[in-house]
Amino acid sequence: MGALFDLKANGFFYTRLANPTVDAVEKKIAALEGGVCAVMTSSGQAASTFSVLNICKAGDHVVCSSAIYGGTYNLFNKTLRDLGIDFTFVNPDISDEALDAAFRDNTKCVFGETISNPSLDVLDIERFANAAHRHGVPLIVDNTFATPANCRPFEFGADIVTHSTTKYMDGHACAIGGVVVDGGRFDWTASGKFPMLTEPDESYHGVTYTKSFGNAAYGVKMRTHLMRDLGSMQSPQNAFLLNIGLETLFLRMERHCSNAKKVAEFLESLIKSGKITWVNYPDLESNKYHALVKKYLPKGSCGVISFGVAGGREGAIRFMESLKLAAIVTHVADARTCVLHPASTTHRQLSDRELEECGVTPDLIRLSVGIENVDDIIEDIAGALENI
Ligand SMILES: *Cc1c(COP(=O)(O)O)cnc(C)c1O
């Protein structure tokens, strides 16, 4: 027991810190992403929180893509700001010069989403990683929508990967969860910016994470410090359910992507009729991110499409209520097709300006294409459009 508490032996002594079931799934996700270790959390929100708090404290600063999940935006812009951590939000399509100008002496990391929820912007991971590294800090990437089946951000220079495992990884709306994966390649000692990793931690009888744990320093520190103090461990029962989902991740992602491509093409074909006003799906030839998709997501992006229907906000609501197969739910990235109007639900706390900043227009419908027969999904959409 003493050796376990001294971090000199590997084993299990309390579930808030480590549990055999959780550990098995953490190792699987670390392998899927190509990282050195992973820490599972109670939700995706906890994963985002931990990924930043592990290396930032009051007085520090983060450069963050503005194309991120609304919950992450609120967490950063409100809660972490209130705790004294400052954020600069940058458009993911920003020039290298303007991106460089966003960094300050106290900048500790850069944060972005591979494919943003729900605006579906694709992050140029390599460009953001290079910018982060020019300033001696790591790039953290939320890879929830792409999953490691479609993109492994570490291969393009990202240093830390986070997920809401609640989405495709679980895939069946069974269990909420999150994970932070340590890529193990970032040199925490080079810049002198990370004393919490490179100098003794008095709260853990003087351990120096980089000395004792080498390239797993970030991951071990997250567990022994943040998980010890803040909790937010994923429950073993949820990890068990997540593991079942992971077994079919690769199959499901293939089907999500092939279905979504056909649905997106169908929606795009309706633009000339005026029933659909615009379609945003990264894999469409017409999409502004098509070149980035070829580079980062050659097997396909994800199953989520956003589009506008004629009649704006009203039209969007009428359309959704006319669907029979697709469920109106907050959840996204599920085996079942589901649909949401962010402006009146998930994003309703954001002002019009904030909505615009994260790429959500009032008429935007987020369609999460499931793994059902694609003909049934298209028939459902066609039927609902009759009602507009
Ligand atoms: C859902 C989501 C989150 C938050 O995850 P929860 O499991 O709901 O806490 C974070 N990032 C992205 C991209 C998401 O889609």
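The values are calculated or read from the model by the stated rules, or taken from the named source; none is laboratory data. Here the structure is a predicted model, which is why all the values come from computation and not from measurement. Glycine also receives a Cβ, built like all others from the backbone with ideal geometry; neighbour counts cover every protein chain displayed. With ligands, DNA and RNA removed, areas are computed over all heavy atoms of the protein, side chains included. Shrake-Rupley method; radii C 1.70, N 1.55, O 1.52, S 1.80 Å.
Couple of notes before you dig in:
- Some residue of segment 154-166 being away from the ligand (no atom under 11 Å from the Cβ), free of Cβ contacts under 8 Å to residues at least 60 places away in the same chain and over 17 Å from Phe50 (Cβ atoms): yes
- Residues that are more than 30 Å from Leu251 (Cβ to Cβ) and touching a Gly at 6+ places or on another chain (Cβ under 8 Å) within segment 320-341 comprise just one, Ser322.
- Candidates Phe145, Phe103, filtered to the one that is within 14 Å of the ligand (Cβ to nearest atom), touching a residue at least 24 places away in the same chain (Cβ under 8 Å) and in contact with a strand residue (DSSP E or B) (Cβ under 7 Å, 6 or more places away or on another chain): Phe145
- Selection count where residues are open to solvent by 50 Å² or more (accessible area, probe 1.4 Å), at pLDDT 95 or above and part of a loop (DSSP other than H, G, I, E, B), scope segment 264-276: 0
- Qualifying residue in segment 61-68 (condition: more than 16 Å from the ligand (Cβ to nearest atom) and either open to solvent by less than 10 Å² (accessible area, probe 1.4 Å) or in contact with a His (Cβ under 6 Å, 6 or more places away or on another chain) (or both)): yes
- Meets criteria (of a type in the set (Lys, Arg), under 23 Å from Asn143 (Cβ atoms), open to solvent by less than 70 Å² (accessible area, probe 1.4 Å) and under 22 Å from the mean Cα position of the chain (by Cα)) for Lys261: no
- Number of residues in segment 333-349 that are closer than 20 Å to Glu314 by Cβ and either surrounded by 17 or more Cβ atoms within 10 Å (Cβ to Cβ) or within 19 Å of the chain's Cα centre (by Cα) (or both): the value is 7.
- Residues of segment 169-217 that are under 19 Å from Phe111 (Cα atoms) and among the acidic types (Asp, Glu): Asp182, Asp187.
- Single unsatisfied condition, Cys56 versus (1) within 15 Å of the ligand (Cβ to nearest atom); (2) farther than 25 Å from Leu292 by Cα: (1)
- Any hit, segment 374-388, residues being open to solvent by less than 40 Å² (accessible area, probe 1.4 Å) and outside any helix (DSSP H, G or I): no
- Just one of the listed residues (Arg318, Arg336, Arg255, Arg313) is assigned to a helix (DSSP H, G or I), among the charged types (D, E, K, R), within 30 Å of Lys28 (Cα to Cα) and not assigned by TED's automatic domain parsing to the domain that holds Ser51, namely Arg255.
- Filter pass, Tyr73 being assigned by TED's automatic domain parsing to the domain that holds Gln234, aromatic (Phe, Trp, Tyr) and in a helix (DSSP H, G or I): yes
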